[in-house]
1. Say we join alpha carbon atoms closer than 10 Å with springs in a Gaussian network model of the chain; which of Pro200, Pro226, Pro29 then has the biggest fluctuation?
2. Can you give me the Rg/Rh ratio for the chain, using Cα atoms for both radii and the Kirkwood formula for Rh?
3. Between Thr30 and Arg134, how many nm apart are label points set 7 Å from Cα along the C-beta direction?
4. Considering the chain as a Gaussian network with a 10 Å cut-off on Cα pairs, which listed residue, Pro401, Pro361, Pro124, attains the greatest mean-square fluctuation?
5. Once R0 is set to 30 Å, what does the formula 1/(1 + (r/R0)^6) return for the Cβ-Cβ distance between Ser292 and Asp151, expressed as a FRET efficiency to the nearest 0.05?
6. What spacing in nm lies between the two simple spin-label points modelled at Ser414 and Ser68, each 7 Å away from Cα in the Cβ direction?
7. For the stretch 208-340, treating each Cα as an identical point scatterer without solvent, what Debye log10 I(q)/I(0) comes out at q = 0.10, 0.13 1/Å?
8. Mind pulling the angle between the C-alpha long axis of helix 2-24 and the longest principal axis of the chain? Nearest 10 degrees, somewhere in 0 to 90.
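Values quoted throughout were computed directly from the atomic coordinates according to the rules given, and no laboratory measurement underlies them. What you see is a predicted model, and the numbers here were worked out from it, not measured in a lab. All Cβ positions, even for glycine, are placed from backbone atoms using ideal geometry, and neighbour counts span all protein chains on display.
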Amino acid sequence: MAAITTIILLVLATSLTAASSASSIRTHPTDIDSLKSLKSALGGSTPIPGSCLASWNFSFDPCASASSDRFTCGLRCDTLLSSFARVTHLALDPAGYSGFLSSASLNLPFLQTLSLSDNFLFGPLPASISNLTRLQKLVLSRNSFSGELPDSISALTHLEELCLDNNRFQGRIFNNLMMRKLQRLKRLELQGNLFSGHLPPAALASLPDLYFLDASDNELVGKISPGTLPKSLVELSLRNNSFDSYVPGTFSELATLQVLDLSHNSLSGSASRVFFAHPSLQQLSLSHNNLSSIETPSSINQSSLVSVDMSHNRLQGPLPEFMAWLPALSSLSLEQNRLSGVIPSEYAKRAAAGAGGRTTPFGRLLLGGNYLFGLIPGPLTRLKPGRVNVSLVDNCLYVCPDSFFFCKGATQKSMVDCNRFRFRHFNINMRN
């Protein structure tokens, strides 16, 4: 009985201590004013029922009430930073908030994370964002923000992650001065906006720790040159812009690069041998460009390529045999080009190979929409549906019946089209 009494007293003491501790927490008045301003800007007088903002009841102290029914979600506080509790994390739910963030007064000097993604916020970023001097993560993805990025972003010198993707921001991507201030940046997502102009010549390259950069689906132009990209990059996507050329050395100096997507641009000329000999590159997408040839690397022993997509270009000549020997390659798409000649037996053997060999078997081999002729190599005819994805449709093969799964979906080109192609290229070769 005495033991039970002791336990009850301990529980009561703990509860009283917790209650006393909670009641002693006081949020800094400046933080409270900023939270009220944010609620007014995004929630108006009638916030969306059931949302985080709807639960914010300023009759109670925010930090003392965090995660209760008065402030169910949206903020975290720290009581060790000063005599007052300070808001350190502010992450609103995707409840469909709308309004101008620029009308909010953001004066939260201890804030480390601000996430407002997947809502309907619009207008420019507020100048008061410069008050968030300890901010490490800013996520505004998938809203309707617009205008140019304010210079006040350069005040966020602790920023490590900046996600502005899928908005309507415009103008040039960061000036050199702004980039030099964001030296801790590691992840930068700018895709799906209206940014224009050239890549700044030295601004991005000055970021020593940037490992992820996505500037896809914008209006960027010009040449991708050495010195424009940070050497620390691991993933780079510049898909769906208007870049017209690149200097191969730009990518050979990116020693840790693993993923590169330059698809849907206006690149012409040759696909550099640098890509196929790169020791770290695993995924390469150059599809939907105007490339006309593929350079053969002097050595492929160090290649780590797993996936190559060069579909929808203007590639000519025979299928490059070296690709059948890239040791880790499992996915190859050369669809919709002007490639001709017979299918090398090495391609067929790689597609039909089982696991455990010296090279990885092809799990995906897409060669449709070219001018390949001759017979289907024997190893391909023994493939069963489902084990490997192969397509040979829309070529000039002598026989490609529907009984082969890789011949289904489209017929071969007509003999007239195939002969016209051969005649045209024969004349071109004779002139050269």
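1. In the Gaussian network model the winner is Pro29.
2. Expressed as Rg/Rh, it is 1.14.
3. 1.1 nm
4. Pro401
5. On the way: r = 43 Å, r/R0 = 1.42.
FRET efficiency, Ser292 to Asp151: 0.10.
6. 8.0 nm
7. Once normalised to I(0) and log-transformed, intensities are -0.28, -0.49.
8. Once rounded, one gets 80 degrees.
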